[in-house]
Structures are given as structure tokens and as C-alpha cells.
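Okay, structure first, notes after.
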Amino acid sequence: MSFVEYSDFIQDGDVAVVYLGHESMMPVKVQQGAQTQTRYGAIRHTTDLIGQRYGSKVTCSKGGWVYVLHPTPELWTVTLPHRTQILYTTDIATITMMLELKPGSVVCDGSLSHAILRTIAPTGYLHTVEFHQQRAEKVAEEFKEHRVDHLVTVRNQDVCKDGFGVTGVADAVFLDIPSPWEAVRHAKTAMKKQGGRVCSFSPCIEQVQRTCEALVDQGFEEVSTVEILLRVHDVRTISLPLPDFGPDSLAQTQPDIAEKTPPIQASVTMKTTIPPREIPGHTGYLTFATKPRT
């Protein structure tokens, strides 16, 4: 199992995602002889998981059942113990596109690691920085468990003071820190001479203003800020009544036609979309900029 390569069967040592319901999922480290307790009963790893296909329906000890899914960056996002603020799928997709990431890209970042690794594998590389030592150790351990440690280097340092620890190697830089304007010069240092793209995620517009000023001062171009709001429409079947326009004038003059004409249906059924009554609120602002060739 790897977050960047799909496997068909569950193996000892894998990290699998147990799906109990749409709003209830949990990551599980698969180990010989181990058990995982759920509200539907126990899952025995040796007999219930190892050797089974990902996506299988597994019956628990109390008779209830769950699905066991292959891990993806999206599933990891919703099951991750929230050590820091989490970026969700709509923002992640926009960041990946706007930074022009592809297999072989070299990236410096602070929190978007799994989604970036899937995009830049198998020949790209990620340099990620974590300020807190305990978090840095935990992230490095996760990368090893998820079998992507050969694609990433984790550094425990302050990116605002010490930078990313590399110079002139990055195609793109992603900043998700409280004061991104203090790291803009380090982002420029880390990027290749032929240019690249930078993205900053900030929840407050005051942070965006200071970051944009720093980007312009450092010579970045094409500075722009966007806010992504997801609005999912509900597709449903509805029945609409047909208007009654009165008797057919032709049927009144020709009784034979009236007998052959089937009665008009009182309603019609159709598919339609219903906008949500509520939509998720503001998550953050994404600021993008381009480093010109030097």
C-alpha cells in the first residue's frame, strides 16, 4: 500500500481506511493478530483484513458491517487527527492546478504533503518544513508508514527565519503559515532561476494584503487572490402538475376522436437540481504569484 500507488489487496503493515458511514471514517494500521473496535463490533486484522481486496465489505463481531478502503489524500484529510488547520478538496484541487504541478515537479510546502506527493510522483520531490519538533517527527513517521518517504524530506525549523533548507531547486512553493509575508523571500530563494509559482493560504484578508505587498517587493508577478466556495446542488426527481386548458375544441366537434384520445396526464415527472439551503462558509484566501526568469 502506498498513497501514490494503488494496491489491490490489503497487506500486513498497510494503513487502511475503515468506512462506517459518510460522516464516520477512521484510519487503521493493519497488523497480524491485532483487532480494531468499532460500534459494530471488532475487526480482526488477520482474518478480516489481510488478504482481502480494498473496497471489501467486512462483517464485524456484532454482525454489523463496514467497508475497508484504500487510503487517498482526500480520505486522509477527513480522517486525519487535526494537528493543524486542514485544507479541503476544493482548495487542494485549485492549488494543484494553479501551481502547475506534475510528475517530476520539485515542491516546498508546509501542510499539503499527501496531495502534492500523489501529483509529483514517481520522479518529483517534496521538501516540507514543520516548526514543532513533535509534529515533524510524527509527519516523518507517517510518510514512512505510507511508503512515500523516498519522495520527501522533512525539516524541523522555522521557515520564516531559516527558509526551506534548499536553494534554487523548487518549481513551486506553498505557504500555509500565520505570517507568510515573512517567508516570501525564502520562497524566492528556494525556487529555480527559470521561475516558478508560489501559493499562500490565509484565512484573513489582512494576511493577504501583507503577503501581496511582500510578493510585489520581491519581484513576483501575476499576483492574484481567489476564494473557493463549494456549492453542491442536490439532484432529485420532482412531479409537476400540468395546466388544464379545458376540453379540446376538435374533440367537441368530432366525438369519434374524443373517444380515441387518451386522457391528459395530470402531472409530469422530471429531474431537477435544488440549490442547498446552506453552504460551507469561508475557509481561506489563496494568493498566487509567479517568479519571473532571472
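The values are calculated or read from the model by the stated rules, or taken from the named source; none is laboratory data. Predicted model only: the values in this text are computed from it and were never measured. Glycine gets a Cβ as well: all are built from the backbone with ideal geometry, and neighbour counts include every protein chain shown. Accessible surface is based on the protein model in full, side chains and every heavy atom, while ligands, DNA and RNA are left aside. Shrake-Rupley method; radii C 1.70, N 1.55, O 1.52, S 1.80 Å.
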THR96 meets each of (1) farther than 26 Å from ALA187 by Cβ; (2) out of contact with any strand residue (DSSP E or B) (no Cβ under 7 Å at 6 or more places or on another chain); (3) open to solvent by 20 Å² or more (accessible area, probe 1.4 Å) with one exception, condition (1)
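Residues GLU100, GLU142: which one is in a helix (DSSP H, G or I) and of a type in the set (Asp, Glu)? Working first, answer last.
Working: GLU100 fails: in a helix (DSSP H, G or I).
Exactly one residue qualifies, and that residue is GLU142.
Please work out which residue is nearest to ALA93 (Cα to Cα), limiting yourself to the range 264-294 and to residues that are of a type in the set (A, V, I, L, M, F, W, C) and touching a residue at least 60 places away in the same chain (Cβ under 8 Å). Can you show your working first?
Going through the range 264-294, the residues of a type in the set (A, V, I, L, M, F, W, C) turn out to be 264, 266, 268, 270, 274, 279, 286, 288-289.
Narrowing the set further to residues that are touching a residue at least 60 places away in the same chain (Cβ under 8 Å) leaves 286, 288-289.
Numbers: LEU286: 12, PHE288: 14, ALA289: 17 Å.
My answer is LEU286.
What strands (runs of 3 or more DSSP E) completely inside the range 1-69 contain at least 3 residues that are among the polar types (S, T, N, Q)? Working first, answer last.
Working: elements: 15-21, 24-29, 35-38, 41-44, 57-59, 65-69.
In the range 1-69, the matching strands (runs of 3 or more DSSP E) lie at 35-38.
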What residue, among those in the range 164-177 that are more than 23 Å from GLY284 (Cα to Cα) and small (Gly, Ala, Ser), is least open to solvent (accessible area, probe 1.4 Å)?
ALA170
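Where residues in the range 194-223 are among the small types (Gly, Ala, Ser) and part of a strand (DSSP E or B), which of them is surrounded by the fewest Cβ atoms within 10 Å (Cβ to Cβ)? Even if it seems obvious, please write down each step before you answer.
Going through the range 194-223, the residues among the small types (Gly, Ala, Ser) turn out to be 195-196, 200, 202, 214, 219.
Narrowing the set further to residues that are part of a strand (DSSP E or B) leaves 196, 200, 202.
Details: GLY196: 26, SER200: 27, SER202: 23.
Restricting to residues being among the small types (Gly, Ala, Ser) and part of a strand (DSSP E or B), the top hit is SER202.
Here's the yes/no breakdown for (1) crowded, with 19+ Cβ neighbours inside 10 Å; (2) not polar (S, T, N, Q):
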{"residue": "SER7", "(1), (2)": "no, no"}
{"residue": "GLN11", "(1), (2)": "no, no"}
{"residue": "ALA16", "(1), (2)": "yes, yes"}
{"residue": "TYR19", "(1), (2)": "no, yes"}
Residue count, the range 170-193 (criterion: in a loop (DSSP other than H, G, I, E, B) and in contact with a helix residue (DSSP H, G or I) (Cβ under 7 Å, 6 or more places away or on another chain))
3
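A quick yes/no check of all residues on (1) assigned to a helix (DSSP H, G or I); (2) of a type in the set (D, E, K, R); (3) at positive phi:
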position: THR96; (1), (2), (3): yes, no, no
position: HIS114; (1), (2), (3): yes, no, no
position: ARG135; (1), (2), (3): yes, yes, no
position: HIS150; (1), (2), (3): yes, no, no
position: THR167; (1), (2), (3): no, no, no
I'm checking my understanding of the structure. Among residues of the range 264-280 that are open to solvent by 50 Å² or more (accessible area, probe 1.4 Å) and assigned to a loop (DSSP other than H, G, I, E, B), which one is nearest to GLN194 (Cα to Cα)?
PRO280
Can you tell me which of (1) open to solvent by 30 Å² or more (accessible area, probe 1.4 Å); (2) in contact (Cβ under 8 Å) with a residue 40 or more places away in the chain; (3) assigned to a loop (DSSP other than H, G, I, E, B); (4) closer than 21 Å to ARG118 by Cα is the one LEU75 doesn't meet?
(3)
